[in-house]
Amino acid sequence: MRASFATALCALLTVICNIPAVIAQQFLGERIDTPGGINNTLGSVPGAEITYWNIKDPNKKNATLINYSSLDENWNRLTPSNVQRVVIFVHGLGRDGGTYMSNMLSAMAQIQGRPDVNRSNVQIVCPVFPNGNDKNITYPWTNGLAPGKGSTSSALVWYASGWISGDDAQYPTNRPGVSSFLVLDQMVQYYDNKTLYPNLKQIVVAGHSAGAQNVHRYAAVGKVLNTKTPVTYWIANPNSYAWFSQDRPLDTSTCSNYDDWKEGLSNYPNTYANTTVMNGSDAGRAAVMANYNSKSLTYVRGLQDLGDDSSDCKPLPQGQNRNERFFYFIKRFPGPVDKTSIDYVNLGHDAGATMASSAGQARLFFDNFNGNGSKAYDFGCPRQQDGDNPNPDPTCTATVTPADQGTYNNFTYQGCYTDNAGGGGRTLPNRITPANTTIESCTAGCAAAGYTVAGIEFGDECYCGTALAPNTLGPLIEASCTMPCAGNSSQICGDSNRLSIFSIGNVTFQVKPVSPPVAGTYNYSGCWVDTGARVLQGPSQTTNDMTVEKCAAFCGAAGTNAFGVEYTSQCYCGDSFVPSSSLATATDCNMVCGGNSTELCGGPNRLNVYAINATMLTAGGSPSSTTSSSATSSATATATATSATATSTSTSLSCPGSDKTSYISNGTASYAIECFGRLPPISILYNLC
């Protein structure tokens, strides 16, 4: 009797007993419970089963995708004719489909007042996109086999996080061309089969965080499937977006590949949709944006989600964190109002809570549930910026106003601006420390010190000046400055690397510093690394009022053929470079000269180098002159390079045609050619060894 009772209890409370109620569905994919099949140790989820989908590669050969699929209230597989809604939810970076299934089932269990929406007519599917960290967990792996042979089943496996951006699966190696986007295509098409699912009214493809990055990009480049069932894409808190144009709201100078896929459309590597993207050409960008705007989209923004999970520089020109990137993206690419919803939830980066919120339940479970086109108003009041209300709630009349920020001590609010933009130093150079930071105390302090511009950052940092640094960007979206003032929580005092700017009169910018192309008889020759042994080892001087011209005069008097300025105040002279010399990124030389803020004087361990009469500086040797056939950047120069063990040889060089090429002197010394498009043209040889 006791055993019988326990069995019955387990059937009802499987959360306690953790016994699966059914055997996993096959869907024609390779089964877990067959000899040699995809044995895995994925955790079970109460109310769901692990299923194995047959996915066709472009050659119509079979591969297997592992999923979690929801069960009905009685823990039976759903009857297809009863299904009115399908939600395909893509997991996050941890590839934890089971967690996302649990969260979705919990969100459904919290629905109130809608008994028509239940587990018998809503099918939830959470695909799993495994990678190399999931060996013998999600798919079998045999150590010791030849490269590419360790995965011995038909399970689809991706390299690292490539599934986010639509990469092809790495395994099975004999099933090439299976993009994660192709997988989603086939899942959508499976459920859109009206013979199998005659009463299906809505398909939702959803993702949060990394999953939202996948869904957003899938919506952008995904094929037009011409489904009979409406499809909506639910995009919640992604870390970045596929930007459809080459512009960005923030500085791109320190990130040369900022527009590469997946943050842009350049250098698109995938076979899937490559004829649409066309490697980021103008026609490709127009095609991708038109494709994206043809989709039904819901954006979800957690207003407390201010984090950033960037692993490289590419997302940063879109905004310094997820919050900024979202607001910049919807401002730049607002989308058709009849196809777009924008929901705000007062949450952080929390997938489960976002699903269970009123906004999450409406979009994931309710909208168009009966096929009548019903759709909730945009969630979240007040609204956050102009243009963020495509489907406005008539009861919401409030909007976030520019921070309260009127006029204080004759300083008027000018907006939210960047600080430390592009590594170019402080936007305002002078910091003061009022005892209790408020807008009043900061502006009063700056006024007392004789400044006309005040900026408040990170709640309690007050900076003053007469103009903003030239690299400063702004005004930014108001969502960029959200931190309360330390001395008055009702006021806004900037944010991390963001300044609330106040000024007497209109705000102005300093002149952007440059490297003069000519200083006396010297011509500018690039930004060079100066660590260890000094690049130029002749006379030197340091003075707080250093300028390029002052250093040129000093080294000219010393009779040297080159000079360099470094770290605002340092001047170095010489006739040749040390053998280890190398060019640096131009933006590394970003410090202004102490005696002239419109000129650049190197940087930390970086030297702005000037050479006399277009001299070619030869690493470890004496400089030799070049001649030009014209005073344009396409002039032809003749270079002579001498190494310690080779006799000199001459070759004809053409700028810019020879730029970034190598030059070999008698086969014994290799040099790289660097051309600068200035008047007169300059070339530098530096040793590659």
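To keep it simple, each residue is scored yes or no on (1) open to solvent by 10 Å² or more (accessible area, probe 1.4 Å); (2) part of a loop (DSSP other than H, G, I, E, B); (3) not basic (K, R).
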site: N54; (1), (2), (3): yes, no, yes
site: L65; (1), (2), (3): no, no, yes
site: W75; (1), (2), (3): yes, yes, yes
site: L93; (1), (2), (3): yes, yes, yes
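Residue-level analysis places A160 among those that are on the phi > 0 side of the Ramachandran plot and either assigned to a helix (DSSP H, G or I) or open to solvent by 30 Å² or more (accessible area, probe 1.4 Å) (or both).
Being open to solvent by 20 Å² or more (accessible area, probe 1.4 Å) and of a type in the set (F, W, Y) is a property that holds for Y567. Looking across A242, A273, A236, one residue alone is surrounded by 19 or more Cβ atoms within 10 Å (Cβ to Cβ), in contact with a strand residue (DSSP E or B) (Cβ under 7 Å, 6 or more places away or on another chain), modelled with pLDDT of 95 or more and aliphatic (A, V, I, L, M). It is A236. Taking each residue of region 251-274 that is in contact (Cβ under 8 Å) with a residue 12 or more places away in the chain and charged (D, E, K, R) and looking for partners that are open to solvent by less than 40 Å² (accessible area, probe 1.4 Å) and in a strand (DSSP E or B) with beta-carbon atoms closer than 9 Å, six or more apart or interchain, yields D251/T418; D259/S266; D260/S266. Of all the criteria given as (1) open to solvent by 60 Å² or more (accessible area, probe 1.4 Å); (2) in contact (Cβ under 8 Å) with a residue 60 or more places away in the chain; (3) within 30 Å of N74 (Cβ to Cβ), the one not satisfied by G113 is (2). Looking at R325, R332 in this structure, which one is among the basic types (K, R) and either in contact with a helix residue (DSSP H, G or I) (Cβ under 7 Å, 6 or more places away or on another chain) or closer than 24 Å to R85 by Cα (or both)? Among R325, R332, only R325 is among the basic types (K, R) and either in contact with a helix residue (DSSP H, G or I) (Cβ under 7 Å, 6 or more places away or on another chain) or closer than 24 Å to R85 by Cα (or both).
Hey, can you tell me all the residues within region 323-359 that are farther than 18 Å from Y233 by Cβ, modelled with pLDDT of 95 or more, open to solvent by less than 40 Å² (accessible area, probe 1.4 Å) and in a helix (DSSP H, G or I)? Across region 323-359, the qualifying residues are G352, A353, A356. Would you be able to say whether some residue in region 559-571 is without any contact (Cβ under 8 Å) to a residue 24 or more places away in the chain and of a type outside the set (S, T, Y)? Checking region 559-571: at least one residue is without any contact (Cβ under 8 Å) to a residue 24 or more places away in the chain and of a type outside the set (S, T, Y). Of all residues in region 397-418, those satisfying the criterion of being modelled with pLDDT of 90 or more and open to solvent by 20 Å² or more (accessible area, probe 1.4 Å) are T407, Y408, N409, N410, T412, Y413, Q414.
Return yes or no: is S266 surrounded by fewer than 21 Cβ atoms within 10 Å (Cβ to Cβ), at pLDDT below 95 and small (G, A, S)? Criteria not met by S266. Within the option set T142, T173, being of a type in the set (S, T, N, Q), in contact with a Gly (Cβ under 6 Å, 6 or more places away or on another chain), open to solvent by 50 Å² or more (accessible area, probe 1.4 Å) and free of Cβ contacts under 8 Å to residues at least 12 places away in the same chain holds for one residue only, T142.
Among residues that are farther than 20 Å from P392 by Cβ and under 18 Å from the mean Cα position of the chain (by Cα), D260 is included.
For Y463, the conditions (1) in contact with a Ser or Thr (Cβ under 8 Å, 6 or more places away or on another chain); (2) without any contact (Cβ under 8 Å) to a residue 24 or more places away in the chain; (3) crowded, with 19+ Cβ neighbours inside 10 Å all hold with the exception of (2).
Kindly establish whether K228 is touching an Asp or Glu at 6+ places or on another chain (Cβ under 8 Å), over 23 Å from Y159 (Cα atoms) and in contact (Cβ under 8 Å) with a residue 24 or more places away in the chain. So K228 passes the test.
The values are calculated or read from the model by the stated rules, or taken from the named source; none is laboratory data. None of these values were measured; they are calculated from a predicted model. Please note: Cβ atoms are built from the backbone with ideal geometry, for glycine as well, and neighbour counts cover all protein chains shown. Keep in mind that these areas ignore ligands, DNA and RNA; they rest on the heavy atoms of the full protein, side chains included. Shrake-Rupley method; radii C 1.70, N 1.55, O 1.52, S 1.80 Å.
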